[in-house]
Amino acid sequence: MSLLLLLFSESEIQVLAKPQEEVSITSNQTVLTKTLTNQFISLQQLILDLEKQHQVSIAYRSDLLTGKDVAVEKLKTVNNVEAALTIALRGSGLSFKKNDEGFYIVYRDTHKKEGETYSVSTDNSSSKQAKGAQQHVIKGIVKDDESFPLPGVSVAVKNNSLRTGTNEDGQFSLVMPAGSDTLIISYMGFKPMELSVGDQNSLEITLEKDEQALSEVVVTAFGVQREKKALGYVVQDIDQEKLNEVRTANVTNALSGKLAGVRINSNAGPGSSSTIQIRGSASVSGNNQPLIVIDGVPIQQDGDNRYGGGMSEVSPDNIQNISVLKGPNAAALYGSRATNGVILITTKDGSDVRGIGVDITSNTTFERPWIKPDFQNIYGGGTGYVTMFSDGRNGTVTLPDGTTVTGTDGVDESWGAPMDGRLVPQWWSNGERVPLLPQPNNWDDFWQTGHMFNNNIALGGSNDKGNFRLSVGDVRQKGIAYNNDYHRNNFKFNGGYHFTDKLSATISTEYVKSGSDNRRYQSGQEFIWSHRHIDHNRLQDLTTYTPDNVIQPADQYFPYANWQYEYFSNPYYMQEHWKYGNDKDRLLGNVALHYDFTDWLTLMVRGGTDLWSDTRTNKIAEHFALGYPNGAYSEEVLRQQESNFDFLLGFNKTFGDVQLTTNVGGVHRDNYYKRNFTQINDLAVNNLWNLGNFASPPVTESRIEKSEVNSLFASANIGYKNAVFLDLTARNDWSSTLPVDNRSFFYPSASLSMIFTDMLPIKSKTLSFAKGRLSVAEVGSDTDPYQLQQLFESKVLWDGKLPAYGESVTIANPNLKPEITRSFEAGLDLRFFDDRVGLDLTYYNQNTRDQILGVEISKASGYNYRLLNAGKVTNQGFEVVLHATPFRTSTGFSWDIDVNWAKNRNKVVELAEGLTTYTLENYYLTLEARVGEPYGTFYGTYFERTPDGEIVYENGLPILGDGTKALGSIQPDWTGGVLNSFNFKNFSLSFLVDMRYGGKIFDNGTGIGRSTGQYSETALGREEGVIGRGVMNVGTTENPVYVPNDVIAEASPFYKRNFSRTYHEAGVFDATYVKLRELSFGYAIPTTLLERTGFIKRAKISLVGRNLALLFKNTPHIDPEVDFFGENSQGFAYGNLPSTRNIGFNLNVSF
């Protein structure tokens, strides 16, 4: 806590920030420990130490203390303020008085001479004596126009340097010097006022709101801060409080439901990445994720689900603010990679801390799967109404009683006998017949309780010369899958220094160390192909049931017991003996120099880099898998670096009613990528994980990519009467990945902002602010390296000796052109009732043409693909952002609500000549970009239906239609979120509801799980059969006559029509959901209590939860928020790690 020193004389009092020299004072001493070895301490230093130790304010005039020292020996036995001051001031000609609790004044005593001794009085008589100096204490409270107390208001004496601030209850107190009568009251967002005090001792002050829109500042391209009202495009931002209240290991997931038009598809794996899309998909085959920029350094957001990357490695405790620039209009100056928008992350730099401060945050959460499939617990594993374990492969065995049986254990389905306690041999009974019983909790038993410990400590501060912040973070995460983990350490330093009044420098750097011993489990089939009588506690108990229950065939060896060996390994043995680990180092940062030639001409020069190296290992133990009897090992070493060097020359000057701001800049970008992969398929020594440990030649792969982009850009921002703003930008890129004739591409943008309430006489109590905006933009995008010429790739040695090379199966294109995205945006920003209600409306329309596609061609040509510039994709939509404060009372209660809603319409307008479809993913059915359809439409087999939509049956079973057809798009109809925040004094409560309506997913797991008899619906009709809901054709194909289906079908073949690898429509489901995404209940410990500690400034503890309730969904058995493949292959699910419910607590303490 920064203490205030009151420096006063008979005519003036001045308040300055206390020097932030660190002190260490024992409980019974009032001076610096380190000075006790000296003979004297200065009187000024003593007063500073007293304030620090006893949390008081001592007022004095600085020149009164000059040259005055105190003998240390006299202070060693002193332990209170009055005694220390009495001794220290003895003989100095100075006295002191206590004006209020915790407030002292040191003054020149005209009745005492230097060298005289005196006694000290701290009662009211001393206060009355000081009154003779014509100084008196003014107390007051500052409120807004709705009678709410305002903390942090500046209260200053006019024509004097004395000032103070209001506390958390809006109260203040200061000593009014003689001859002064007027106070100046100022607070951000309110109009300043001057107030004549007269002979008043108590004041109640009400401030009038200024236009809040005028003070709203957002971060735009290249980190430039601009007034929000001047922007002709929409920028949404999220501050640290909304990000950090409910923490996640991956900060990307904290954006879900909080930003209009921003869609997050998360993954439940520890340390995994998430897919981000802003305003839909624009590129058919390229990257559709936004550019991420951290303190001016671009980072890659192309990490995979297992190993994460990009934003998943950012510590939320270091983030000050996130600004989202949506689409080309907002991000035009960032160039080719800004087509999909830009997420600007500004990290904390300590500039908001006067002196030195320490922040400690600790977050602990526990997680469990929150959507449990609805299993049937009536029938066991097997087939034909029989459940019988033999050898794990449907073999014939002789039981101990001499009975010969044929097993059903090789069938990984649950069409077996009723689990009614009948006696059957099971995998763990060593041939004995034991009761066949259901295991309704085996899903819960399979998953462990995961946890995340996230701790961070930061040291920061600032003065008039500079600022700094050093932060160290530690994340330890254990996943819900057995033996899945993740760890991350973030070491972050930000700093700035003013060398002169013209030259300054800033630095932002971070080292991230992350990795895992095992992050193999991302999905599994344990509850898709399974027996419903499996006891997973026994499966995990490998020591008890191995080796007695392991049955070995003549040509195979399995070192573990399992419920079957035909298709599955023991999942716990697999997690222990087949490990995907990684060790990653990342260094990113930049150094910038700023020079102010004048107050209107500035220059910024900056260099930054993002460098990471990731070593990924795959360890397969001996005898674990049939293909690797001696074990196997691989190492994949990835190295990637992006370096940017840029400059920005800025001009800002006002000419009458016109304000002109221009920027001219340039960027040079280098990209480097290297991959080395080595795999050993035959270890010489088991469990020795070293690339030199091979018994047969290893497999090796290597790849290096390099590219460069040079850019020049300029912008002009013209404001007229602070009410009309015109922005113009232009940028030209030269990319090394494009041919010489096409590598230069130019793209401009223009935007207009008009403040109607300043231009027209329409401002009122109802309509407090109105703004309109228009913008148009164009952005170009290049391609990956080495797409212009045919390449030859290294192949496996011929006959084990001769080098072999093969031509790439993709035909290169030496005439490629850049992709071009054009965008139009219009919007309104309206504020009502003195900004109690704010409404932002946006319409956008953008199209991307000259798509760079690898088009499939006939394999008879010897090639698979040909690169072309072809295709056009459009996105248009609406976004609505609403903020309101329905209630705000003088008792300290407030309710704030933030609503966002977005609707995007996506369409593939054209592809290459003669081409009508482009396959994004082929996973039994296809996910396609097809002309006339939304990007990402499922095409697959379908059930034949009547014109009114009823399924047609034949012999009691649904039949397929001819060929394939569109089964739905992954694009949602709309998305939205509602965040409610309640505050009452020191208590806070907030909760976020996240919504998605429409769109489809292909859940292959649910379709197959139904066909294998896992789910509750498949228990119906096992004995009596099933009549499908629909019709049958009793006419002919040409002249159908439909009647209700009344044919009874056997349960197993009936439900097997859900086998979604063949019957694709059976796996397509509606992806609608409504989730209680976040909830937080916090308590901020009152500052009056913290002040007693002498060193704690702020402290808050919160109970937090994430994914607490799925309020509505149309998808059976799983959470419809799935991301099996990641990136452009959205909408797939197959045994994904289930999403989790997280519950825990936060502790935040500041010193």
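The values are calculated or read from the model by the stated rules, or taken from the named source; none is laboratory data. Bear in mind that the values here come from a model prediction, so they are computed numbers and not experimental data. Here Cβ is always computed from backbone atoms with ideal geometry, including for glycine, and neighbour counts include all displayed protein chains.
Quick check: anything in segment 1044-1053 farther than 30 Å from ALA417 by Cα, surrounded by fewer than 22 Cβ atoms within 10 Å (Cβ to Cβ) and not charged (D, E, K, R)?
yes
For segment 363-384, does any single residue satisfy the condition of being of a type in the set (A, V, I, L, M) and not in a loop (DSSP other than H, G, I, E, B)? Outline the logic, then answer.
Of all residues in segment 363-384, those of a type in the set (A, V, I, L, M) come to 371, 378.
Adding the requirement that they be not in a loop (DSSP other than H, G, I, E, B) leaves none.
Within segment 363-384, not a single residue is of a type in the set (A, V, I, L, M) and not in a loop (DSSP other than H, G, I, E, B).
Restricting to segment 704-729, name every residue that is farther than 24 Å from GLN641 by Cβ, assigned to a strand (DSSP E or B) and more than 31 Å from the chain's Cα centre (by Cα).
ALA714, ALA716, ASN717, ILE718, GLY719, TYR720, VAL724, PHE725, LEU726, LEU728
Tell me whether segment 419-433 contains one or more residues that are within 21 Å of GLY524 (Cβ to Cβ), over 34 Å from the mean Cα position of the chain (by Cα) and not β-branched (Val, Ile, Thr).
yes
It is to be established whether one or more residues within segment 406-421 are within 19 Å of TRP529 (Cβ to Cβ) and free of Cβ contacts under 8 Å to residues at least 24 places away in the same chain.
yes
Which of (1) out of contact with any strand residue (DSSP E or B) (no Cβ under 6 Å at 6 or more places or on another chain); (2) among the β-branched types (Val, Ile, Thr); (3) surrounded by 13 or more Cβ atoms within 10 Å (Cβ to Cβ); (4) at pLDDT below 95 does THR1062 not meet, given it meets every other one?
(4)
Conditions tested, residue by residue: (1) farther than 21 Å from ARG831 by Cβ; (2) out of contact with any Leu (no Cβ under 9 Å at 6 or more places or on another chain).
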{"residue": "TYR865", "(1), (2)": "yes, no"}
{"residue": "LYS872", "(1), (2)": "yes, no"}
{"residue": "PHE893", "(1), (2)": "yes, yes"}
{"residue": "TRP901", "(1), (2)": "no, no"}
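Let me confirm something: among GLN277, GLN320, which residue is part of a strand (DSSP E or B), more than 28 Å from ALA750 (Cβ to Cβ) and at pLDDT 90 or above?
Within the list GLN277, GLN320, the selection yields GLN320.
Report yes if LYS158 is closer than 19 Å to ILE58 by Cα, at pLDDT 75 or above and of a type in the set (D, E, K, R), otherwise no.
no
For segment 361-375, check the following and say yes or no: at least one residue is more than 21 Å from the chain's Cα centre (by Cα) and crowded, with 20+ Cβ neighbours inside 10 Å. First the steps, then the outcome.
Taking segment 361-375 as the starting set, the residues that turn out to be more than 21 Å from the chain's Cα centre (by Cα) are 371-375.
Those still in the list that are crowded, with 20+ Cβ neighbours inside 10 Å too: 375.
For segment 361-375, residues more than 21 Å from the chain's Cα centre (by Cα) and crowded, with 20+ Cβ neighbours inside 10 Å: present.
Are there any strands (runs of 3 or more DSSP E) wholly within segment 750-855 with 2 or more residues that are touching a residue at least 40 places away in the same chain (Cβ under 8 Å) and within 30 Å of ASP144 (Cβ to Cβ), and if so which?
767-781, 819-832, 837-849
Restricting attention to segment 801-831, report how many residues are hydrophobic (A, V, I, L, M, F, W, C), buried (at least 17 other Cβ atoms within 10 Å of the Cβ) and closer than 26 Å to ILE852 by Cβ.
Adding up the residues that qualify gives 4.
Hey, any hits in segment 323-336 for a residue that's at pLDDT 85 or above and farther than 25 Å from PHE493 by Cα?
Step one: of segment 323-336, the residues at pLDDT 85 or above are 323-326.
Checking the rest, the ones that are also farther than 25 Å from PHE493 by Cα come to 325-326.
Looking for residues that are at pLDDT 85 or above and farther than 25 Å from PHE493 by Cα, one finds at least one in segment 323-336, hence yes.
Checking ILE238 against (1) at pLDDT below 85; (2) within 26 Å of ASN456 (Cβ to Cβ); (3) β-branched (Val, Ile, Thr); (4) surrounded by fewer than 20 Cβ atoms within 10 Å (Cβ to Cβ): exactly one of these is not met. Which one?
(1)
Conditions (1) modelled with pLDDT of 65 or more; (2) among the polar types (S, T, N, Q), marked per residue:
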site: GLN29; (1), (2): no, yes
site: THR37; (1), (2): no, yes
site: LEU43; (1), (2): yes, no
site: ASP49; (1), (2): yes, no
site: GLN53; (1), (2): yes, yes
site: LEU89; (1), (2): yes, no
site: PHE103; (1), (2): yes, no
site: LYS112; (1), (2): no, no
site: TYR118; (1), (2): no, no
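For segment 1102-1151, which residues satisfy the criterion of being small (Gly, Ala, Ser), part of a strand (DSSP E or B) and more than 17 Å from ARG263 (Cβ to Cβ)?
SER1102, GLY1105, ALA1109, GLY1144, SER1150
Scan GLY189, GLY198 and give me the residue that is modelled with pLDDT of 80 or more and either surrounded by 16 or more Cβ atoms within 10 Å (Cβ to Cβ) or not aliphatic (A, V, I, L, M) (or both).
On inspection, the qualifying residue turns out to be GLY198.
Among what's in segment 989-1042 and is of a type in the set (Lys, Arg) and crowded, with 16+ Cβ neighbours inside 10 Å, pick the residue that is nearest to the chain's Cα centre (by Cα).
Applying the first criterion (of a type in the set (Lys, Arg)) to segment 989-1042 yields 996, 1000, 1010, 1022, 1029.
Now restrict to residues that are crowded, with 16+ Cβ neighbours inside 10 Å: 996, 1000, 1010, 1022.
Working: ARG996: 19, LYS1000: 24, ARG1010: 35, ARG1022: 47 Å.
Among those that are of a type in the set (Lys, Arg) and crowded, with 16+ Cβ neighbours inside 10 Å, it is ARG996.
Would you be able to say whether some residue in segment 763-783 is surrounded by fewer than 16 Cβ atoms within 10 Å (Cβ to Cβ) and touching a Lys or Arg at 6+ places or on another chain (Cβ under 8 Å)?
yes
Go through (1) surrounded by fewer than 16 Cβ atoms within 10 Å (Cβ to Cβ); (2) modelled with pLDDT of 95 or more; (3) over 30 Å from LYS502 (Cα atoms) and name the single condition GLU566 misses.
All conditions are met except number (2).
For segment 910-937, how many residues meet the condition of being in a loop (DSSP other than H, G, I, E, B) and without any contact (Cβ under 8 Å) to a residue 12 or more places away in the chain?
1
Kindly establish whether GLY656 is surrounded by 15 or more Cβ atoms within 10 Å (Cβ to Cβ) and farther than 30 Å from GLU576 by Cβ. Lay out the reasoning, then the answer.
On the way: surrounded by 15 or more Cβ atoms within 10 Å (Cβ to Cβ): no; farther than 30 Å from GLU576 by Cβ: yes.
Answer is no for this residue.
Regarding LEU1137, is this residue surrounded by fewer than 19 Cβ atoms within 10 Å (Cβ to Cβ), under 25 Å from PHE527 (Cβ atoms), touching a strand residue (DSSP E or B) at 6+ places or on another chain (Cβ under 7 Å) and among the hydrophobic types (A, V, I, L, M, F, W, C)? Step through it out loud before you land on a result.
Values: surrounded by fewer than 19 Cβ atoms within 10 Å (Cβ to Cβ): no; under 25 Å from PHE527 (Cβ atoms): yes; touching a strand residue (DSSP E or B) at 6+ places or on another chain (Cβ under 7 Å): yes; among the hydrophobic types (A, V, I, L, M, F, W, C): yes.
Taking the combined requirement at face value, the residue does not satisfy it.
Among the residues of segment 344-398, write down those that are closer than 21 Å to SER1052 by Cβ and among the aromatic types (Phe, Trp, Tyr).
The answer is PHE375, TYR379, TYR385, PHE389.
Can you find a residue that is surrounded by fewer than 19 Cβ atoms within 10 Å (Cβ to Cβ), at pLDDT below 90 and hydroxyl-bearing (Ser, Thr, Tyr) anywhere in segment 591-606?
So far as segment 591-606 goes, no, none of its residues is surrounded by fewer than 19 Cβ atoms within 10 Å (Cβ to Cβ), at pLDDT below 90 and hydroxyl-bearing (Ser, Thr, Tyr).
Any idea how many residues of segment 464-480 are of a type outside the set (A, V, I, L, M, F, W, C) and closer than 15 Å to ASN363 by Cβ?
6
Restricting to segment 1091-1101, give me the number of residues that are at pLDDT below 90 and touching a strand residue (DSSP E or B) at 6+ places or on another chain (Cβ under 6 Å).
Of the residues in segment 1091-1101, 2 are at pLDDT below 90 and touching a strand residue (DSSP E or B) at 6+ places or on another chain (Cβ under 6 Å).
Could you list, in sequence order, all residues of segment 409-444 that are among the polar types (S, T, N, Q) and farther than 11 Å from GLY381 by Cα?
Residues satisfying the conditions are SER429, ASN430, GLN439, ASN441, ASN442.
Find the strands (runs of 3 or more DSSP E) located wholly in segment 938-1049 whose residues include 3 or more that are among the charged types (D, E, K, R), and list them. It would help to see each step written out before you state the result.
Numbers: elements: 952-954, 965-969, 974-984, 987-997, 1000-1003, 1031-1033, 1042-1044.
Passing ranges: none, list empty.
List the number of the failed condition for THR364; all other conditions in (1) touching a Gly at 6+ places or on another chain (Cβ under 6 Å); (2) free of Cβ contacts under 8 Å to residues at least 12 places away in the same chain hold.
It fails just one condition, (2).
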